[in-house]
Amino acid sequence: MTTHATHPAATAVPAGPAAASPRPRLDFARSAPKVFRALVGFDAAAREGLDPALVELVQIRSSLLNHCAYCLHMHTNDARKAGESEDRLHMVAVWREARHFFTEKEQAALALTEAVTLVADGGVPDDVYAEAAARFDEEELAHLLALILTINTWNRVALSTGKVAGTDERRR
């Protein structure tokens, strides 16, 4: 399994309007190594006990919602390497309209991912939480929630530091 844990997270190449800036953005891992290591540890702990395919689907959905091209590119590639089908990868963005591509457990995880990622839009609805709680035991649900929190954090690190899609810097 490939994780964020093995890459330095934020040597940036500015894109768009920031590209005109003569100053590159910070290397998060180098500038805040204790924080970075804590995030890596949180990420690794969150994944424990979760199906690796589900992990990638959650990370893809959150990255789509957060418009994080860097993480989206990374996690779709990771999912492919883990054997995920192109059909399912193409349907993550529209999973509600293509439910038959996903198990009920995956659908519950995707709905929870959306609610937590977009929490400012109205919190986590009781029905979304209840469906996830019905599909995951308490430990799995806690790990799923932690996973959603970590990918949202990674998305924010990548976006804030100007990471560029296609420049996955993880060591293999």
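List the residues of the stretch 134-158 whose backbone N lies under 15 Å from a point placed 7 Å from the Cα of A120 along the Cα-to-Cβ direction. It comes to 152-153, 155-157, nothing else. For the stretch 43-142, a crude dipole built from +1 on the beta carbon of Lys and Arg and -1 on the beta carbon of Asp and Glu, taken about the Cα centre, is about 400 debye to the nearest 20.
Near T76, within a Cβ-to-Cβ distance under 9 Å, what is the net charge of the other residues, with Lys and Arg +1 and Asp and Glu -1? After counting each charged neighbour, the total is -2.
For the stretch 96-129, the list of chymotrypsin sites (Phe, Trp or Tyr not before Pro) that fall in a loop by DSSP and count at most 13 other C-beta atoms within 10 angstrom is empty. Taking a straight Cα-Cα cut-off under 13 Å and skipping sequence neighbours fewer than 8 places away in the same chain, the aspartates and glutamates within cross-link reach of K81 are E56. Rounded, prolate or oblate: pick one for the stretch 92-142, where a ≥ b ≥ c are the square roots of the eigenvalues of its C-alpha gyration tensor, a/c under 1.5 means rounded, and failing that, prolate if a/b is larger than b/c, else oblate. Here the stretch 92-142 falls in the oblate category. Between V35 and R23, the simple label model (points 7 Å from Cα in the Cβ direction) yields a spacing of 1.6 nm.
Coordinate-derived values only; no laboratory data. Worth saying up front: this structure is predicted, and the values here are computed from it rather than measured. Backbone-built Cβ (ideal geometry, glycine too); neighbour counts: all protein chains shown.
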